[in-house]
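For reference, the structure is listed below as structure tokens.
The values are calculated or read from the model by the stated rules, or taken from the named source; none is laboratory data. Source: prediction; values computed, not measured. Backbone-built Cβ (ideal geometry, glycine too); neighbour counts: all protein chains shown. In case anyone asks, the SASA skips ligands and DNA or RNA and just uses the protein heavy atoms, side chains included. Shrake-Rupley method; radii C 1.70, N 1.55, O 1.52, S 1.80 Å.
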Amino acid sequence: MFRMLQGISSRRAILPSGVSKCIKNTIQESRRFFVLLILIIAASVIFALLPPLVLGKIVDSLADGKKMFFSMAVGYFFVVAISGLLDAVKESMITVFGQRVTHQIRSAMSEKLNRLPASYYIEQDPGVTTSRFVNDVDTVERLFSSGIISMAADVCKLVSILIVIFTKSIGLGLMLTGTTPFLFWMTRTFQKRMQKAQLESRIAVGRTSQQIPETMRNIRTIRILGQENYMMHRYGEAIDQGYRAQEKSNFYDAIYSPIVVSVSAFLIGIMMAASAQNGAIQQFFGMSAGTAAAVIAYVGNFFDPLENIGMEIQNIQSAVAGVGRINEFLRETEQKRSVLPRPERKEAVDLSGVCFRYKDSEPEIFHNFNLTVKEGESILLAGRTGAGKSTLVKLIAGLYQPNQGSVRVFGVSPDSIPEKEKRRWFGYVEQQFHLIPGTVGDQISLHDPQVSESEIEQSLCTVGLWGAVKMLPAGIHTPCTESLFSQGQFQLLSIARAIVLNPRLLLLDEITANLDSRTEEQVLDALKAASRNRTVISISHRLFEQLKDENTKILNI
């Protein structure tokens, strides 16, 4: 089975190494379940062949004038019931297997997230990563639940029906074999046109839905300028487009089934007419009444798997792109793992010959840039917007890597500091506070088990927020929401988050830019307390005026 999964594509494997490894792990961990799934598929195919055979024997017995015994009816009911039950179990087990595979893939992707460097999160759009976890992984589940495994089961069912029909009527078997390519081509053509029409319908529905809020936002302008008729015309066009697309989809759906039924009836009619002939034709197509009843049932069941195979091929094709995107994610360069380094010298920050640009096609932001900050100094980064002040802070924090040169924090490269230790080396405060799910204490600890409640309380006292927090219903265990604190208090919470593990270096990125003057004073007072006995690198002119002392200096970039 797994070799079949890898051999679907003739040019390259449909399942890249990362995804196929997850599938191998799933099969190994659920070996008994996978074997049982194969057995259930085989049993469902076999039992699907039995009801027409039993029905044929019953019809032949009645045609010979024999009485129909109750056991024969019970037997027919039994094989039909078992066939339906096995089919239901098969579909459920395929779905469960697909869910186990997607669970394995999402687990591997989640572990990958923990190994990615900070630059990945900065450079990547969060929506792209989310889409890979949700939409692309869902395509893998469809790859199994309504793709490869289901297609294998339907192919087996189709081949089995053809074999049985050949044993009953060579002529009908040849006729079905000859018409199968045409029927498959017709099925795929109808499916593609229906999918195109449904896509057009969804686009039209989206445009129609967009018209309503657009009209409501501009209702005053529309009324003042008297453009009601124009908006009605646009809305009507969108509705008409959706109606036409839906009508097209309904048309293909409506005529497909009658065509299949007509082809089936035509083949059965030819078979019956040929069976009534004499000589070689009768021998070629001839069959008993019971056999005719069984064959009619088989022909009716022949078109269902044929239609399913068309849809399953379509699902496999649509899943290929999603699987490729998952594999791209799993191949992302990971964070270097290292042991906690020891500081080699006293300089808190040392940049030597640093060159940096975001993309090869873009100009350099820094060229042969040098900076030395001694331990205990306060540095203000000044310069025009876009000069690279925030980029420099991110280089020092290890969020970006220089294209050339070296960055050292207390004598070591920031990217060599283990993730669990970075908060003890430096704290980083941004312009806006980023709320995470959890309590007030969780906002500071970030669910880090190495942060104790006493350290949380101490950091809140340092920034002057402990009085407000302890008045909450559950103190630091109170669930935190956007309405719980003011903007200034959230910024104080951000400072408490940065200093909770007593880092030696504090990085401040325009943290007072969005605050009014009164709130800014509270934040600056908190920063004065938080900056004691620490090296501080900040981006804010107003902050410099408030915090400058004999150790503070301005660096123009």
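Points worth noting:
- Protection-proxy order for peptides 109-120, 43-54, each taking the mean of Cβ atoms within 10 Å per residue, highest first: 43-54, 109-120
- Take the Cβ atoms of Tyr243 and Glu375, set R0 to 60 Å, and the FRET efficiency comes out at 0.25.
- Peptides 411-417, 446-452, 496-502 ranked from most to least packed give 496-502, 411-417, 446-452, packing being the mean of other C-beta atoms within 10 angstrom over each peptide's residues.
- Residue pairs exceeding 30 angstrom between C-alpha atoms, taken from Lys21/Lys422; Lys90/Lys112; Lys374/Lys420; Lys112/Lys374; Lys90/Lys168: Lys21/Lys422; Lys90/Lys112; Lys112/Lys374.
- The phi-based Karplus calculation (6.51 cos²θ - 1.76 cosθ + 1.60; θ = phi - 60°) puts the 3J(HN,Hα) values of the range 495-505 at 5, 4, 4, 6, 9, 4, 9, 6, x, 8, 10 Hz, whole numbers, x for Gly and Pro.
- Here the range 45-176 has 66 percent of its accessible surface on carbon and sulfur atoms, given a 1.4 Å probe and all protein chains in place.
- Note on Lys470: aspartates and glutamates with a C-alpha under 14 Å away, same-chain residues under 8 apart excluded, are Glu453, Glu457.
- Straight-line cross-link partners of Lys157 among the aspartates and glutamates, defined as a Cα under 12 Å from its Cα and at least 8 positions apart when in the same chain: Asp87, Asp304.
- Under 5 Å, built H, 5+ apart or other chain: amide partners of Glu377: Val536
- Take 347-360, 153-166, 466-479 and order them by the average number of nearby Cβ atoms within 10 Å per residue, most first; the result is 153-166, 347-360, 466-479.
- Surface analysis of the range 324-481 yields an accessible area of 53 Å² per residue, using protein heavy atoms and a 1.4 Å probe.
- Couplings 3J(HN,Hα) for the range 460-467, derived from phi with the Karplus relation 6.51 cos²θ - 1.76 cosθ + 1.60 (θ = phi - 60°), are 5, 5, 4, 8, x, 10, 5, x Hz, where x marks Gly and Pro.
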